[in-house]
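**Q** Take this structure first; my questions come after.
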Amino acid sequence: MTKVWRVDPKHPDPCVIAEAAKIIGSGGLVAFPTETVYGLGANALDEMAVQKIFSAKERPAWDPLIVHISRPEMVLQLVADVPERFWQLAERFMPGPLTVVLPKKPIVPEIVTAGLPTVAIRMPKHQVALALIEAAGVPIVAPSANRFGRPSPTTAEHVLADLQGRIDGVLDAGPTQVGVESTVLDLTKEPPVILRPGGVPKEALEEVLSVVSVRTVVTEEEVGKGLPSPGMTKRHYAPSVPVVLADGNPQALFATIDRLLSKGQEPHRIGVLLPFDWSLPNLPLVIFRWGSWGDWNGLAQRLFEGLRWLEGQGVSVIVAPVPPSVGLGLAVRDRLLKAASDRCP
Ligand code: TXA
Ligand code: MG
């Protein structure tokens, strides 16, 4: 049985947090909200508990986990050599949707890092997450609380849809704010490399570190050669129906829908992530009103919700316009490209 605790996102009940922390302490799994998406938490220093995460999510053992901390100084317990750049980033982005990759200390179990010599660290900006880590008294590993390859959960309902019965509990504090996962930044490289665009835009990182490069979507051949970030496989974040992408304007979106219709797709089986201010010809399409085009933060917040909602309406294809690589547009673009890989409608 999976227990559901409703908590206030700003002032969670300490007794509820203590109960959830006790489960973490005894090797259990508790899903909790962060500012990005819901995470599935376990004691990062307990190998057996971490193993349960891989089983519950059906996650392959080659994909390493992020270790969540509640104070920047906790990095000293986990990382062998903390560079000055870490503290500069911490001052600006911790707590916040930034994950940094640094050389690990032996205390971090191999299973957490999938055998890599590095560990990914993040301090989430969410009172429930921070209170849980503090009460547990240990760093907490937390991958997104979805089954492997599925869109990340932005509500407790999404978590339950994927993991009900497989985990001990979920702290439900309502929908998450950012909606896409943290930016993963490899600080062992010079210049640092963004392995996954996310909640902290590249432009903001560049205000602290002058040069940052981006390396994300990966080809099949590269998968075979060993990935810089194992979570970079091409197909990821995907709903159970094919996703078809269109250029970011209403004409291109309609042309894409028109192409599907001319191939015999029925309009009521076509789902569309449609920006607020765009209109489409009068057809019985299944529409998710996504957000204002240009408000990349708003679109990021509702992206996974939209994919899951459309899937739930029983559509057989989802069409989405792709944002430009600006601000959180880069992260939305990355998730859509990965959701769309390798399948034809
Ligand atoms: O926003 C987030 O980051 C969420 C919330 C729950 O904190 N967590 C999350 O975790 O997205 P997960 O496991 O779904 O994604 C972790 C990503 C994967 O792409 C993984 O490959 C990468 O981080 N990663 C973890 N450790 C790494 C390492 N040592 N080197 C390179 N990449 C690493
Ligand atoms: Mg994930």
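**Q** Given the rule -39500 (n - 2.57) for each run of at least 4 DSSP H residues, summed and divided by the residues of the chain, what is its mean residue ellipticity at 222 nm, to the nearest 500 deg cm²/dmol? Please list the in-between numbers first.
**A** Numbers: 12 runs with 110 residues, N = 345.
Theoretical 222 nm ellipticity from helices: -9000 deg cm²/dmol.
**Q** How much of the DSSP bridge set in the chain is antiparallel, in percent, rounded to the nearest 5?
**A** Numbers: 18 of 44 bridges.
Bridges in the chain are about 40 percent antiparallel.
**Q** With point charges of +1 on the Cβ of Lys and Arg and -1 on the Cβ of Asp and Glu, referenced to the Cα centre of the chain, which listed residue (Ala49, Phe93, Cys15) lies farthest in the positive direction of the dipole?
**A** Result: Ala49, furthest along the dipole toward the positive end.
**Q** Would you order Leu205, Leu98 from fewest to most other beta-carbon atoms within 10 Å of each residue's own beta-carbon? Before the final figure, lay out the partial values.
**A** Working: Leu205 20, Leu98 24.
The most exposed by this proxy come first: Leu205, Leu98.
**Q** Here is a further query. Of the listed peptides 254-264, 50-60, what is their order by residue-averaged count of other C-beta atoms within 10 Å, with the highest listed first?
**A** Packing proxy ranking, top to bottom: 50-60, 254-264.
**Q** State to the nearest 20 debye the size of the charge dipole of the stretch 1-155 about its Cα centre, where the only charges are +1 on K and R beta carbons and -1 on D and E beta carbons.
**A** Details: 16 positive and 14 negative charges, 73 e Å.
So the magnitude is around 360 debye.
**Q** Related question: List the relative contact order of the chain as a percent without decimals, with contacts defined as Cα pairs under 8 Å and 6+ residues apart.
**A** 19 percent
**Q** Distance between the C-alpha centers of the stretch 270-345 and the stretch 108-186? Whole Å please.
**A** 24 Å
**Q** What order do you get for 238-250, 81-93 when each peptide is scored by the mean count of other beta carbon atoms within 10 Å, highest first?
**A** 238-250, 81-93
**Q** Place +1 on the Cβ of every Lys and Arg and -1 on the Cβ of every Asp and Glu in the chain, take the dipole about the Cα centre, and give the residue among Gly39, Ile121, Asn146 whose Cα lies farthest towards its positive end.
**A** After comparing all options, I get Asn146.
**Q** Nearest 10 degrees, 0 to 90: what angle lies between the long axis of helix 127-136 and the longest principal axis of the chain (Cα atoms)?
**A** For helix 127-136, the angle is close to 30 degrees.
**Q** Counting other beta carbons within 10 Å of each Cβ, put Val138, Val272, Val108 in order, fewest first. Walk me through the numbers on the way to the answer.
**A** On the way: Val138 20, Val272 28, Val108 24.
Fewest-to-most ranking of Val138, Val272, Val108: Val138, Val108, Val272.
**Q** A follow-up question, please. Helix 296-312 versus the longest principal axis of the chain: what angle, 0 to 90°, nearest 10, using Cα atoms?
**A** On a 0 to 90 degree scale, this one is about 70.
**Q** Take Ile66, Ile107, Ile23 and order them by how many other Cβ atoms sit within 10 Å, fewest up front.
**A** Ile107, Ile23, Ile66
FYI, it's all coordinate maths here, none of it is from the lab. What you are looking at is a predicted structure, and each value in this text was computed from that prediction instead of being measured. Virtual Cβ from ideal backbone geometry, glycine too; neighbours counted across all protein chains shown.
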